[in-house]
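Some notes on the structure that comes next.
Derivation of every value follows stated rules applied to the coordinates shown; laboratory data play no part. No experiment lies behind these values; they were computed from the predicted model shown. Virtual Cβ from ideal backbone geometry, glycine too; neighbours counted across all protein chains shown.
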Amino acid sequence: MVRKKIYISFIFSICLFLFVESLLGRSTVFWSSEPVDPADGVVLYGGGFDPKEEIFLWAVPDDDPKTNYIPFSFAKEKRVSVSPIQVSDQSIKFQIPAVFPPGIFGVEISENRFLINRPHIEWCQPARLLPGLKQDETYPGSELCIIGKNILLAPEDAQRLKVILVPKKDGQKDGQPIILEVIEAEKYCCRVKIPDNLTPGEFDLLVHNGHGGPAGWSDAYFLKVVPATPWPNKIFNVRDYGAKGNGLADDSQALRKALQAAEANGGGIVYIPAGTYKVRGSFFIPPKTLLEGDGMDFSWLKWPDNAPLEEADFISAAFLTSGQFSLEELSISIRNAKRVLVDSSALKDEEFIGNSRDWEDLSALFKGKVAPLKESSSDVFIRNVRIQFFPFYGYPKENIESSLLWKILKWGLDRVDGLGYSIALGSLSNVEISGCEIIGSRQRAVHLKNGRITQNSFYNPMGAFCITEIGGERLFVEDNWFADESSFYRRLLPLRYLYVAHNQFSEFGRGNKEALSFNLNFPMGKKREAALKSSSLTASLSGNEVTFKENILTKDSLVGQEIVVMGHSSKREFFVRKVIANSEQKITIDRGTSLPVNQEVTIYFLPWDRPLISTVGSSEGIKTTINEKNIFPGLVGMDALIISGKGAGQLRKVTALNANTVSLDKPWDIVPDFSSLLLFYQWEGKAIFFENQSQDCRFLFPLSGLAYDVIFDGNQVKRTQGMIASSGFFIQWLNNVLDVAVSYPVVENKDPLDQEIRSLNFGVLGFLIDPNMTNLSNVPFEMIRGGFCDRTV
């Protein structure tokens, strides 16, 4: 009897061991390249793949989807077996049979079952933003833009697209689905009508692209419908306050009185009837106020256009704002100004970063001389506005460096921080810039949350350092014309959830000749306020000590600060270091690769802490223990990416921290082990670049740094060096066209946070893996993972 029990126990142990081995050895998929057509190659990413892996495929039938999701059956008698084309431990490649009809495909690989080409909603946003909206909110009667993957597989499927709302109550489905009217649709975005009489509440939003029957519905996406919260609508007509609008009389006081009356009312509409209004000085647009004309061609605000004689002739800004304002249906013409429209958010951003000295003239205005510094950080709407900013009107005279314009703006020939902005917006939420025509030196609308930049013309003809900078999270950029250089900008907010479609880029005369460069160098750790009034300082370097010319520091105020050390040699080398101690005049930095010896350098102070990199001790469920002991405060809320080793490519969010054990928002699909390297940072990516056109630039959307999940699809570039990336995880190039490759010389970039891409003598579409092209040679982990290029010429 005892022998029988031992035998049974032995058999049970063997079975348990084999079962556990089968679980641990089973391949797992967490990413797939899509969309795909019949005869296309597919890349699956995960782990544990075997060279003898069996792959089964289904063409999911296009039955009536009805209004509810039913999982696909994966019936064995209808499957087709295909062989892998290429296999590694972390990825596998195969081809969709050419005989399959276009649509949704079922895949089974080692007990992983999933669908390819099924729609997936990434985010959504109303086509017209209204006051008070937050992300994932819309209002009755709105037109809602839905952004994601596989929204439409082919243009001819547009009539079959379905979008529904399912009411929720207490987090549960409650009520019949509401079928929404589809206004327009394309591959990655559709626009639908929210019923005018819809009762506000919480809903599940689902999309069906016309394929896959009931199994083809997307996962539910949470959407909140809220009532509109309008601002006061009392009208303050500037003519009632004495304005003439004849282009001769000075209407400054009339405009100022109307704005002050709106402020006293708690907001309102300051109305500027058709006419030309001659004004002087700076004006404050109070909160909840709409400054509205009769149209760009009919209502003009014009400042004096005489040639400036002294610096005092240049006003600091034409308009000052502190969030919660709207500017619509008018034109602004100005010459003698340092800036045109500046929101206090831009000033606060620069103070946080450490560039306040470049904006000191504005600080005085915001501190009470003209405008109080309000604390609002939302609701900015600039619609159908023309800004003609001509600070460089005329010609430079013989002694250009002694001229007034050289002293203030250097004729656009050199970088002048803090000056020359037609628009300067900073950390704001719920922002729309649409239908505008903006001519000037520089434009900046950065660190935006839930922003729309649509149907505008940005024209920067003035100088080599004139640029349009945009950036933020959930940013919809469509149907714009960008003339001259443009760039994504990120210092205080990561770039994520971007939709960039149907934009034109041209007229590259001077400067870096790059169209909307996508620089993600130096992964962002926790945001950190600068301890200095300048983000960069010149110093001398000796060993691991940096000495400044004056006593400008507070002892140990920079400990933990991330800095960039840039040498002044022609090689433009830079080194990232962390401050471990500082006195009033010196800082001591951690050691790493060799630094320039005994030479003058520039120190750049980054507005975020260094991301944490650590190996893994153990992991189970949502808890992962890391080997790093010196864990900085504030890790909760950061993102965790496995950048190397087992499970590489998986992204999670840290929800709790206990000693050196982190809790995540969900378990890993592939559990990391001792070979895995974890990066704790603020992830950037989830961007779609669709059907944009560019000509005569060096590069369109040049990508550098650690981007995650980006699609470049249907873009066309002409007389350019192409579209290029030096790094990134899960980057796809689909259907892009390079027409006529032209080489341009490299231009030195003075900003170390912008990747300098050396000149090529050939055209490129895709990754360019060349150590001579970038500064990534010292990165201790793989910088390219899951790249895919198809139908690109």
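For a quick size check, give me the Cα extents of the range 612-681 along its three principal axes, largest first, whole Å.
27, 21, 19
Among I408, V431, P287, whose Cα sits farthest toward the positive end of the charge dipole of the chain (+1 at Cβ of Lys/Arg, -1 at Cβ of Asp/Glu, about the Cα centre)?
Going by the charge dipole, the pick is P287.
Taking 0.36 nm per residue of separation and subtracting the Cα-Cα distance, what length does fully extending A154 through E53 add?
33.2 nm
Under the Kirkwood approximation for Rh and a Cα-based Rg, what ratio Rg/Rh is obtained for the range 415-505?
Taking Rh as the inverse mean 1/r over Cα pairs, Rg/Rh reads 0.93.
Is there a quick way to get the dipole size of the range 179-274? I mean about its Cα centre, with the Cβ of Lys and Arg at +1 and of Asp and Glu at -1; what is the value in debye to the nearest 20?
The calculated dipole for the range 179-274 is roughly 400 debye.
Out of all Cα-Cα pairs in the chain, roughly what percent, to the nearest whole number, are more than 43 Å apart?
When every Cα pair of the chain is considered, 34 percent fall beyond 43 Å.
How long are the semi-axes of the equivalent ellipsoid of the range 266-368, defined as square roots of 5 times the Cα gyration tensor eigenvalues? Whole Å, largest first.
Equivalent ellipsoid semi-axes, largest first: 24, 19, 10 Å.
Put +1 on the Cβ of each Lys and Arg and -1 on the Cβ of each Asp and Glu in the chain; which of V710, G212, P611 then has its Cα farthest toward the positive end of the dipole?
Of the candidates, P611 comes out farthest on the positive side.
Distance in nm between label sites at D361 and T547, each 7 Å beyond Cα in the beta-carbon direction?
For D361 paired with T547, the spin-label model returns 3.7 nm.
Return the ratio Rg/(2.2 N^0.38 Å) for the range 149-242, where Rg is computed over Cα atoms only.
Normalised Cα radius of gyration, the range 149-242: 1.50.
Please list the equivalent ellipsoid semi-axes of the range 235-466, computed as the square roots of five times the alpha-carbon gyration tensor eigenvalues, in descending order and whole angstrom.
Three semi-axes, in Å: 26, 21, 17.
Compute the length gained on full extension between N306 and R128: take 0.36 nm times their separation in residues and subtract their Cα-Cα distance, giving the result in nm to one decimal.
Full extension of this stretch gives 60.2 nm more.
Treating only the Cβ atoms of Lys and Arg (+1) and Asp and Glu (-1) as charged, compute the dipole magnitude of the range 235-466 about its Cα centre; round to the nearest 20 debye.
Using only the charged Cβ atoms, the result is roughly 100 debye.
So if I place +1 on the C-beta of Lys and Arg and -1 on the C-beta of Asp and Glu, and nothing else carries charge, what would the dipole magnitude of the chain be about its Cα centre? I want it in debye, nearest 20.
The dipole magnitude comes to about 1340 debye.
At D170 and R239, where each label point lies 7 Å from the Cα along Cα→Cβ, what is the point-to-point distance in nanometres?
That separation, rounded to one decimal, is 5.9 nm.
Based on DSSP H assignment, which helices of the chain show an axial Cα extent of at least 20 Å together with a mean Kyte-Doolittle hydropathy greater than or equal to 0.5?
Counting only whole DSSP H runs, the qualifying helices are 2-25.
Using only C-alpha positions, report the orientation-averaged shadow area of the convex hull of the range 654-723, nm², one decimal.
About 7.0 nm², averaged over all directions.
Calculate the spin-label point distance for I178 paired with K78, positioning each point 7 Å from the Cα along the beta-carbon direction, and give it in nanometres.
Going by the 7 Å Cα→Cβ label model, 3.4 nm.
Name the residue farthest towards the positive end of the dipole of the chain from the options Y489, V477, N456, assuming +1 on Cβ of Lys and Arg, -1 on Cβ of Asp and Glu, about the Cα centre.
It is Y489, whose Cα lies furthest towards the positive end.
How long is the gain from E143 to N265 if the chain were fully straight, where each residue apart is worth 0.36 nm and the alpha carbon distance is subtracted?
40.8 nm
5 Å is the cut-off here: which amide hydrogens, built 1.01 Å from N in the peptide plane, fall below it relative to G451, excluding neighbours closer than 5 in sequence?
Correct list: V431, L475, F476.
Would you please give the FRET efficiency between D40 and R591, computed as 1/(1 + (r/R0)^6) with r the Cβ-Cβ distance and R0 = 56 Å, to the nearest 0.05?
0.70
Given 10 °C and 1.306 mPa s, how large is the Stokes-Einstein diffusion coefficient of the range 599-736 in µm²/s, with Rh as the Kirkwood radius over Cα pairs?
Taking Rh from Cα pairs, D becomes 93 µm²/s.
Sticking to Cα atoms, compute the Rg of the range 39-157 to one decimal and its Dmax as the biggest Cα-Cα distance, whole number, in Å.
Values for the range 39-157 (Cα only, Rg and Dmax): 18.5, 58 Å.
Please compute the Kirkwood hydrodynamic radius over the range 485-563, one decimal place, Å, based on all pairs of different Cα atoms.
Radius from the Kirkwood sum: 16.6 Å.
List, in the order given, every pair from K288/K653; K526/K586; K338/K555; K348/K578; K66/K623 whose Cα-Cα distance in the structure shown is over 32 Å.
Result: K288/K653; K338/K555; K66/K623 exceed 32 Å.
Using all alpha carbons of the range 222-297, what is the percent of pairwise distances in each 10 Å bin, ordered from the shortest bin to the longest?
Per 10 Å bin, starting at 0, the Cα pair percentages come out as 20, 46, 21, 8, 4, 0.
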